[in-house]
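Below is one structure, written out as structure tokens; the observations come after it.
The values are calculated or read from the model by the stated rules, or taken from the named source; none is laboratory data. Computed from a predicted structure; not experimentally measured. Here the Cβ positions follow ideal geometry from the backbone for every residue, glycine too, while neighbour counts run over all protein chains shown.
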Amino acid sequence: MTLQLPTLRSQCSQASCSLPRQASAAGTASLFSYGDWGIVNQIANYSAGNNLRNSVAYKYQDASVARTDSPPTHCKPTLTASSHRVLTYAVTGTSSNPTSVSITDPNTASTSHSPAKKVVTNFNTTGWQNGLPSSVQVLDAASNVVLRTTATTWIADDTIGTNARQV
């Protein structure tokens, strides 16, 4: 599905706004809302019958305060109109140059899999591999006990990272 979005400047004059719903040929629609950073802070998807199917909202830092780095975010996906899940994102390092990123889903109500999980992605911090994932860990969100670790090894055609790929 390709959506033709009007420019944000022509549709929004205040700090927060929504563009008109963008409809597909099948009659489903998506509504994009923008916050004071000028970036999407909510996406809502509707069925052809105009019922909310799902949505996701992002909570960014207040734009009225000067920042030295990219704004961190908290995500709140809504699976249905009555079912909410809140995921917590945490960044070690800086937002623009993280050494690890973790996502915690404290709620296992939507699955039969407990305990609640936290996924931590660690990044290489030196050499041509800088910024590439080095490992992904799945942890018990309450105790931080590692349940699974997947390590990633990278090779390249030369010492500057040309044609980098996983082994």
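Would you list the strands (runs of 3 or more DSSP E) that sit entirely within the range 92-149 and hold 3 or more residues that are at pLDDT 90 or above, charged (D, E, K, R) and touching a strand residue (DSSP E or B) at 6+ places or on another chain (Cβ under 8 Å)? Before you say what the answer is, go through the steps one by one.
On the way: elements: 98-105, 117-123, 133-140.
Because the criterion is at least 3 residues that are at pLDDT 90 or above, charged (D, E, K, R) and touching a strand residue (DSSP E or B) at 6+ places or on another chain (Cβ under 8 Å), no strands (runs of 3 or more DSSP E) in the range 92-149 meet it.
Show the residue pairs meeting these rules: Cβ distance below 6 Å; 6+ apart or different chains; first residue within the range 50-68 and small (Gly, Ala, Ser); second residue not in a strand (DSSP E or B).
Note: pairs meeting the criteria are 63/36; 63/37.
Pull up the range 23-37, narrow it to residues that are surrounded by 14 or more Cβ atoms within 10 Å (Cβ to Cβ) and assigned to a loop (DSSP other than H, G, I, E, B), then point me to the one that is modelled with the highest pLDDT.
First, the residues of the range 23-37 that are surrounded by 14 or more Cβ atoms within 10 Å (Cβ to Cβ): 23, 28-37.
Remaining after also requiring assigned to a loop (DSSP other than H, G, I, E, B): 28, 35-37.
Numbers: 28: 88, 35: 79, 36: 74, 37: 69.
Checked the range 23-37; the qualifying residue modelled with the highest pLDDT is 28.
Go through the range 150-165 and give me each residue that's more than 23 Å from the chain's Cα centre (by Cα) and assigned to a strand (DSSP E or B). Walk me through how you get there before you give the answer.
Kept after step one, since they are more than 23 Å from the chain's Cα centre (by Cα), are these residues of the range 150-165: 153-165.
Once the filter is applied, which keeps residues that are more than 23 Å from the chain's Cα centre (by Cα) and assigned to a strand (DSSP E or B), the range 150-165 yields 154, 155, 165.
Looking at (1) at pLDDT below 80; (2) within 29 Å of residue 88 (Cβ to Cβ), find the lone condition where residue 20 falls short.
(2)
So the check is Cβ under 7 Å with 6+ separation or different chains; which pairs have a first residue in the range 33-47 that's in the same structural domain as residue 60 (by TED's automatic domain parsing) and within 10 Å of residue 21 (Cα to Cα) and a second one that's assigned to a loop (DSSP other than H, G, I, E, B) and at pLDDT 85 or above?
As it stands, the answer is 45/28; 46/28, since those pairs meet every condition given.
Go through the range 49-90 residue by residue and tally those that are over 11 Å from the mean Cα position of the chain (by Cα), of a type outside the set (Ser, Thr, Tyr) and at pLDDT 80 or above.
6
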